[in-house]
Amino acid sequence: MIDVRRLHSAPGEVRAALARRGDPTLPKLLDELEALDMRRRALAGQLDQLNAQRNEAARADGRVIKDKGALPPAVVEQRRQLGARISALEAELREVEAGVDEKALFVPNLPLPELPDGDAACNVVVRAWGEPAPAGGVPHWEIGERFGIFTSARSAKLAGSGFPLFVGQGARLVRALIAFMLELHTREHGYVEVEPPFVVRRDIMQGTGQLPKLEADMYRTEQDDLFLIPTAEVPLTNLHRDEIVDGAALPLAYTAATPCFRREAGAAGKDTRGLLRVHQFDKVELVRFCRAADSPAEHEKLTGHAEAVLQRLELPYRVVLLAAGDLGFASAKTYDLEVWAPGVGQWLEASSSSTFTDFQARRASIRCRPRPGDKPEFVHTLNASGVALPRTIAALLESRQQPDGSVTIPRALVPHLGTDRLVPAGGA
């Protein structure tokens, strides 16, 4: 959630920053939010005056009662009217404050100044690792069917399109990747592993910015009003909801492997073959909490942790800085890590590493006290996929095909998978 006080004190600055997102609906939303905030301030000022007036009247009335034993009926009526006026203004103020909060939930985060302007066409490749193979070869969905790793027909029979079914070597590969990543992040990168619920309350989704803006993309259980998590970022970030964290304990770092559920209502018909766009997938998530001053360095460290996964899997990748107009709703700055998949001839996003500044912390009321006795301040939250499995598996299958039809396994993954190669169903 943006700081509405900043919108009041520096409206031009806030509007200019949000204009970089290229969303034509934002100016009108900001107009409405500013108007509500002005009304809120006016009502609060009136209430302060009336409450001061009532307090002064109460002191005067106390002296009259002490001297005469009772107030004149006309004075009693004046005091009643004053109380009724205060009650009415308090009710109006609560209504206006609720309107401010509701409008503010639809305002995205402000892009950081260092981002390039423009839409996705203006994203910038900041570095690359590995040597991409020439485009061509067999796409991963053909490899998957031939190896018996996953099967689109049977998964569609169970849940419809977009819900992968991994079998045999495929199921073992998923399990091995998750174990490899969790051990890397906990043993070498210092994350605390968490096994969170896979459903969360509405206010928890709101805390990280999925709601209310993106509700159409979420899976919801109607009877309980619970949401299937679109990413472990949601429960992990809300672990410290409504808390004041000890500043000396920062940074805090958590990781979790969970299934992720996304309807992606606006993406119907895109990349329907294979694993490129699915409604359910496994992902290892990384979440960090830090002081504001440490946020830039923490973002680079976090991105490096996600990169380490792809390097050990020996997958060529590139790091892409997103332009302001391509940012997610809650993000202030995002790097996408894209792996090369020669079979489909595409760079595939396997991880997004984002800093949210204090945007999520305001929504979820997560603060820290830098030192004992200091005034609490909002923490900064960051998260990255460390990494998502479907596109990583697609890139692994397509980039490690061998002339004999097998697919070799990266050395880092062999201890977890128990073999150094995958072979077609019925193969040696």
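The values are calculated or read from the model by the stated rules, or taken from the named source; none is laboratory data. Worth saying up front: this structure is predicted, and the values here are computed from it rather than measured. Cβ placement follows ideal geometry from the backbone for every residue including glycine, while neighbour counts extend to all protein chains displayed. All accessible areas refer to the heavy atoms of the entire protein, side chains included, with ligands and DNA or RNA removed. Shrake-Rupley method; radii C 1.70, N 1.55, O 1.52, S 1.80 Å.
Could you check how many residues of the range 114-128 are in contact with an Asp or Glu (Cβ under 8 Å, 6 or more places away or on another chain) and open to solvent by 70 Å² or more (accessible area, probe 1.4 Å)?
1
Based on what the data block shows, is Pro111 within 30 Å of His380 (Cβ to Cβ), outside any helix (DSSP H, G or I) and open to solvent by less than 30 Å² (accessible area, probe 1.4 Å)?
Numbers: within 30 Å of His380 (Cβ to Cβ): yes; outside any helix (DSSP H, G or I): yes; open to solvent by less than 30 Å² (accessible area, probe 1.4 Å): yes.
So Pro111 passes the test.
If I filter the range 370-386 down to residues being out of contact with any Asp or Glu (no Cβ under 7 Å at 6 or more places or on another chain), open to solvent by 30 Å² or more (accessible area, probe 1.4 Å) and touching a residue at least 12 places away in the same chain (Cβ under 8 Å), which single residue comes out as nearest to Thr258 (Cα to Cα)?
Glu377
Answer yes or no: is there a residue in the range 181-194 that is touching a Ser or Thr at 6+ places or on another chain (Cβ under 6 Å), open to solvent by less than 50 Å² (accessible area, probe 1.4 Å) and assigned to a loop (DSSP other than H, G, I, E, B). Steps first, please.
Of all residues in the range 181-194, those touching a Ser or Thr at 6+ places or on another chain (Cβ under 6 Å) come to 185, 191, 193.
From the residues that got through so far, the ones that are open to solvent by less than 50 Å² (accessible area, probe 1.4 Å) too are 185, 191.
Next, from what is left, pick out any that are assigned to a loop (DSSP other than H, G, I, E, B): 191.
Yes, the conditions are met somewhere in the range 181-194.
Going by what's in this entry, would Ala341 be described as buried (at least 19 other Cβ atoms within 10 Å of the Cβ) and either touching a Gly at 6+ places or on another chain (Cβ under 8 Å) or touching a residue at least 24 places away in the same chain (Cβ under 8 Å) (or both)?
Working: buried (at least 19 other Cβ atoms within 10 Å of the Cβ): yes; either touching a Gly at 6+ places or on another chain (Cβ under 8 Å) or touching a residue at least 24 places away in the same chain (Cβ under 8 Å) (or both): yes.
In short, yes.
When you check Thr303 against the structure, is it free of Cβ contacts under 8 Å to residues at least 40 places away in the same chain and either assigned to a loop (DSSP other than H, G, I, E, B) or out of contact with any Pro (no Cβ under 8 Å at 6 or more places or on another chain) (or both), yes or no? Before the answer, list the steps.
Working: free of Cβ contacts under 8 Å to residues at least 40 places away in the same chain: no; either assigned to a loop (DSSP other than H, G, I, E, B) or out of contact with any Pro (no Cβ under 8 Å at 6 or more places or on another chain) (or both): yes.
Considered against the rule, which asks whether it is free of Cβ contacts under 8 Å to residues at least 40 places away in the same chain and either assigned to a loop (DSSP other than H, G, I, E, B) or out of contact with any Pro (no Cβ under 8 Å at 6 or more places or on another chain) (or both), Thr303 comes out as no.
I'd like the full set of residues that are in a helix (DSSP H, G or I) and surrounded by fewer than 15 Cβ atoms within 10 Å (Cβ to Cβ), limited to the range 387-411. First the steps, then the outcome.
Step one: list which residues in the range 387-411 are in a helix (DSSP H, G or I), which gives 389-399, 411.
Across the range 387-411, the qualifying residue is only Arg411.
Can you tell me which residues in the range 2-60 are of a type in the set (Lys, Arg) and either in a helix (DSSP H, G or I) or under 26 Å from Ser365 (Cα atoms) (or both)?
The first filter runs over the range 2-60 and keeps only residues of a type in the set (Lys, Arg), leaving 5-6, 15, 20-21, 28, 39-41, 54, 59.
Correct list: Arg5, Arg6, Arg15, Arg21, Lys28, Arg39, Arg40, Arg41, Arg54, Arg59.
The rows are residues; the columns are (1) in contact (Cβ under 8 Å) with a residue 40 or more places away in the chain; (2) in contact with a Phe, Trp or Tyr (Cβ under 8 Å, 6 or more places away or on another chain); (3) among the charged types (D, E, K, R).
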| site | (1), (2), (3) |
| --- | --- |
| Leu18 | yes, no, no |
| Asp23 | yes, no, yes |
| Pro27 | no, no, no |
| Leu36 | yes, no, no |
| Gln53 | no, no, no |
| Asp61 | no, no, yes |
| Pro72 | no, no, no |
| Gln81 | no, no, no |
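Where residues in the range 252-283 are open to solvent by 60 Å² or more (accessible area, probe 1.4 Å) and closer than 21 Å to Leu228 by Cα, which of them is modelled with the lowest pLDDT?
Filtering the range 252-283 down to residues open to solvent by 60 Å² or more (accessible area, probe 1.4 Å) leaves 262-263, 266, 268-273, 277, 280.
Now restrict to residues that are closer than 21 Å to Leu228 by Cα: 262-263, 266, 268, 277, 280.
Working: Arg262: 95, Arg263: 92, Gly266: 51, Ala268: 55, Arg277: 92, Gln280: 96.
Within the range 252-283, the match that is modelled with the lowest pLDDT is Gly266.
In contact with a strand residue (DSSP E or B) (Cβ under 8 Å, 6 or more places away or on another chain), β-branched (Val, Ile, Thr) and either over 22 Å from Ala249 (Cα atoms) or free of Cβ contacts under 8 Å to residues at least 24 places away in the same chain (or both) - does that describe any residue in the range 179-195?
no
Are any of the residues in the range 243-251 in contact with a strand residue (DSSP E or B) (Cβ under 9 Å, 6 or more places away or on another chain), free of Cβ contacts under 8 Å to residues at least 60 places away in the same chain, outside any helix (DSSP H, G or I) and open to solvent by less than 70 Å² (accessible area, probe 1.4 Å)?
Checked against the condition, which is being in contact with a strand residue (DSSP E or B) (Cβ under 9 Å, 6 or more places away or on another chain), free of Cβ contacts under 8 Å to residues at least 60 places away in the same chain, outside any helix (DSSP H, G or I) and open to solvent by less than 70 Å² (accessible area, probe 1.4 Å), the range 243-251 yields at least one hit.
Please name all residue pairs, on different chains or six or more residues apart, with Cβ atoms under 8 Å, provided the first residue is in the range 129-150 and is touching a residue at least 24 places away in the same chain (Cβ under 8 Å) and buried (at least 18 other Cβ atoms within 10 Å of the Cβ) and the second residue is among the β-branched types (Val, Ile, Thr) and not in a loop (DSSP other than H, G, I, E, B).
Sorted first by the residue in the range 129-150, then by its partner, the pairs are His140/Ile393; Ile143/Val407; Phe147/Val407; Ile149/Ile143.
Going by the structure shown, is Ala98 in a helix (DSSP H, G or I) and closer than 30 Å to Met1 by Cβ? Lay out the reasoning, then the answer.
Numbers: in a helix (DSSP H, G or I): yes; closer than 30 Å to Met1 by Cβ: yes.
The answer is yes for Ala98.
Name the residues in the range 71-108 that are open to solvent by 60 Å² or more (accessible area, probe 1.4 Å) and of a type in the set (A, V, I, L, M, F, W, C), would you? Write out each step before concluding.
Taking the range 71-108 as the starting set, the residues that turn out to be open to solvent by 60 Å² or more (accessible area, probe 1.4 Å) are 72-74, 76-81, 85, 87, 90, 92, 94-95, 97, 101-103, 106.
Selection gives Ala74, Val76, Phe106.
Identify all residues within the range 151-180 that are within 25 Å of Leu413 (Cβ to Cβ), of a type outside the set (A, V, I, L, M, F, W, C) and assigned to a helix (DSSP H, G or I); write none if there are none.
Ser152, Ser155, Gln169, Gly170, Arg172, Arg175
Let's see how each residue does on (1) farther than 29 Å from Glu285 by Cβ; (2) touching a Pro at 6+ places or on another chain (Cβ under 8 Å); (3) acidic (Asp, Glu):
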{"site": "Pro370", "(1), (2), (3)": "no, no, no"}
{"site": "Lys375", "(1), (2), (3)": "yes, no, no"}
{"site": "Asn383", "(1), (2), (3)": "no, no, no"}
{"site": "Leu389", "(1), (2), (3)": "no, no, no"}
{"site": "Thr392", "(1), (2), (3)": "no, no, no"}
{"site": "Glu398", "(1), (2), (3)": "no, yes, yes"}
{"site": "Asp404", "(1), (2), (3)": "yes, no, yes"}
{"site": "Gly418", "(1), (2), (3)": "no, no, no"}
{"site": "Pro424", "(1), (2), (3)": "yes, no, no"}
